[in-house]
Amino acid sequence: MNFIQGGVNLIKDKITPELKRSFLETIEKTRNSGKEHGFFICEDKDDKLHASDRKCEGSLCSIIVDPKIGDCPGKIKGFFHAHPHITTLEKTYGIKFSQTDIKELISMSKELSKRENISLQIPSHRDVLTSLLQKCIRKTEGTVCTATDMEKDKIECWTPKKNAANFITCGYAKIDDTKTEDIGEYPKMWIKPLFDKEVIRLDE
Ligand SMILES: [Zn+2]
């Protein structure tokens, strides 16, 4: 079974056309600048989601992850950011890709992710861990949505299951927090079952 058709629908139905536009614009900004861009996802009283006024860019995205009172008028559902995968790879290899290189790179990455049954949009372990920790201290509802500059028409959202944040998982998360790097790795085995995952298309 493909997890993309996993059937959960926690975020998708609450996305307003404005929020969809914010996702698309933010992914485009990341593609053009080669930096992370993001914002908080706010939840209204009527259950609809929208983008916070406070936006983040580049290394600021790890600072904005710390939510402040007033970032959302209602609840803070979570945090969204786009990963600049193309630029990160350029830095890793120390070269500048041509448009043809980029096309090839994207199709190779898509092929690889299909084979491993993970999306290109998948949040990092650090992203998911931070969200769980915030849910633990009730700063946000713990949702994390991520995107990539390699495939601009989708986002992936991870939302904690009911009772996912408890004495044991939050204690474990605190310990793991001291051992987890800020970039890179996929979500670890222990954290995955605590979340429901959705891949949301932005082009429909
Ligand atoms: Zn991230």
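Read-outs throughout are calculated quantities, based only on the coordinates presented, and are distinct from any laboratory measurement. If you're wondering where the values come from, they're calculated on a predicted model, not measured in any experiment. Every residue, glycine as well, gets a Cβ built from its backbone with ideal geometry; the counts of neighbours run over all protein chains shown.
General observations
- Charge dipole (the range 13-201, unit charges on Cβ, about Cα centre) - positive-most of Ile191, Phe97, His125: Ile191
- Between Ile168 and Tyr186, the contour length at 0.36 nm per residue exceeds the alpha carbon distance by 4.3 nm.
- The chain: antiparallel DSSP beta bridges as a percent of all, rounded to 5: 75 percent
- Each Lys or Arg adds one and each Asp or Glu subtracts one; over the other residues with Cβ under 11 Å from the Cβ of Glu25, this totals +4.
- Inter-part distance where the range 152-172 and the range 31-61 are each reduced to a Cα centre, Å: 18 Å
- Here, P(r) means the percent of Cα pairs in each 5 Å bin from 0 to the largest distance; for the chain it is 1, 7, 15, 21, 21, 17, 11, 5, 2, 0, 0.
- Per-residue 3J(HN,Hα) values for the range 81-88, derived from phi via the Karplus relation 6.51 cos²θ - 1.76 cosθ + 1.60 with θ = phi - 60°, read 8, 9, 8, x, 4, 5, 5, 4 Hz in sequence order (x marks Gly and Pro).
- Shown in residue order for the range 111-124 are the 3J(HN,Hα) couplings computed by the Karplus curve 6.51 cos²θ - 1.76 cosθ + 1.60 at θ = phi - 60°: 4, 5, 5, 5, 5, 8, 6, 10, 8, 6, 7, 3, x, 7 Hz (x for Gly and Pro).
- Sequence-distant lysines (8 or more away, or on other chains) whose Cα lies within less than 21 Å of Lys114: Lys103, Lys152, Lys154, Lys188, Lys192, Lys197
- Over the range 1-112, relative contact order from alpha-carbon pairs under 8 Å, at least 6 apart, %: 25 percent
- A Cβ-based charge dipole, computed about the Cα centre of the chain with Lys and Arg at +1 and Asp and Glu at -1, lands at about 400 debye.
- Sparsely packed trypsin sites (Lys or Arg not before Pro) within the range 102-204, loop by DSSP, other Cβ within 10 Å at most 14: Arg138, Lys161, Lys162, Lys188
- C-alpha long axis of helix 125-136 to longest principal axis of the chain, angle in °: 20 degrees
- Evaluating 6.51 cos²θ - 1.76 cosθ + 1.60 at θ = phi - 60° for every residue in the range 25-36, the Karplus couplings come out as 5, 5, 5, 4, 4, 5, 4, 6, 9, x, 10, 5 Hz, glycine and proline recorded as x.
- Anisotropy class of the range 102-145 from Cα gyration tensor, a/c 1.5 cut: prolate
- For Val8, the shell of other residues with beta-carbons less than 10 Å away shows a net charge of +1, using +1 for Lys and Arg and -1 for Asp and Glu.
- The range 122-204: proportion of alpha-carbon pairs further apart than 22 angstrom, %: 23 percent
- Sequence-separation-based contact order of the chain, relative, with Cα cut under 8 Å and 6+ spacing, percent: 23 percent
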